[in-house]
Each structure stands twice: as C-alpha cells, then as structure tokens.
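A.B. asks: The structure that follows is given in the form of structure tokens.
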Amino acid sequence: MSLRTFHIVFVTVSTLLFVFLAVWAFAFATDRTGTITGLGVVSAICAVVMPVYGVCFYKKVRKIVL
C-alpha cells in the first residue's frame, strides 16, 4: 500500500470515527455533561473538515506522477 493510498484510507476512517463520536455524543450518551457536548461539537466540526481536507489532498496528489 502506497503512502498516498494509506493517507486516503486514514482520512476516510478518521471521518467515520468523527461521525460516530458526534452521533454518540448527541444521540446516545446517557450523561449530558459539558465534556460530552464539547466532544460532540468538535467531532461534528472535524467530520465536516476532514473530507474537505481529503479532497484537497487528493487534488494535490493527483498531479504528482511517480
């Protein structure tokens, strides 16, 4: 597996983890503390930012010919 492929897989898995954490924090957490709410907010923001970063990375790496 090339470094490029690993990076795309890592961004995808990270995005799925952030989505899972956001859903858990807002829908399934039994204790609504400030820490869990903060985790949900940060995870939701990262779940939006990570795919944007992945697309930018893919566009940049696509131009590189090995």
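Coordinate-derived values only; no laboratory data. Just so we're clear, the structure is a prediction, and the values are computed from it rather than from any experiment. For neighbour counting, all protein chains shown are included, and Cβ atoms are generated from backbone atoms with ideal geometry for every residue, glycine included.
A.B. asks: Where residues in segment 24-39 are more than 18 Å from the chain's Cα centre (by Cα) and aliphatic (A, V, I, L, M), which of them is surrounded by the most Cβ atoms within 10 Å (Cβ to Cβ)? Before the answer, list the steps.
C.D. replies: Initially, segment 24-39 is screened for residues more than 18 Å from the chain's Cα centre (by Cα), giving 27-35.
Narrowing further to those that are aliphatic (A, V, I, L, M): 27, 29.
Values: Ala27: 8, Ala29: 14.
Ranking the candidates gives Ala29 first.
A.B. asks: Of the residues Val19, Val52, Val61, Val42, only one is buried (at least 16 other Cβ atoms within 10 Å of the Cβ) and of a type in the set (Val, Ile, Thr); which? Spell out the reasoning first.
C.D. replies: Values: Val52 fails: buried (at least 16 other Cβ atoms within 10 Å of the Cβ); Val61 fails: buried (at least 16 other Cβ atoms within 10 Å of the Cβ); Val42 fails: buried (at least 16 other Cβ atoms within 10 Å of the Cβ).
Going through Val19, Val52, Val61, Val42 in turn, just one is buried (at least 16 other Cβ atoms within 10 Å of the Cβ) and of a type in the set (Val, Ile, Thr): Val19.
A.B. asks: Inspect segment 41-54 for any residue being assigned to a helix (DSSP H, G or I), free of Cβ contacts under 8 Å to residues at least 24 places away in the same chain and not aliphatic (A, V, I, L, M) and give the result as yes or no.
C.D. replies: no
A.B. asks: Going by the structure shown, is Arg4 surrounded by 11 or more Cβ atoms within 10 Å (Cβ to Cβ) and basic (Lys, Arg)?
C.D. replies: On the way: surrounded by 11 or more Cβ atoms within 10 Å (Cβ to Cβ): yes; basic (Lys, Arg): yes.
Taking the combined requirement at face value, the residue satisfies it.
A.B. asks: If the requirement is being over 14 Å from the mean Cα position of the chain (by Cα) and of a type outside the set (Ser, Thr, Tyr), which of these qualifies: Ile45, Ile64, Ile8?
C.D. replies: Values: Ile45 fails: over 14 Å from the mean Cα position of the chain (by Cα); Ile8 fails: over 14 Å from the mean Cα position of the chain (by Cα).
Exactly one of Ile45, Ile64, Ile8 is over 14 Å from the mean Cα position of the chain (by Cα) and of a type outside the set (Ser, Thr, Tyr), namely Ile64.
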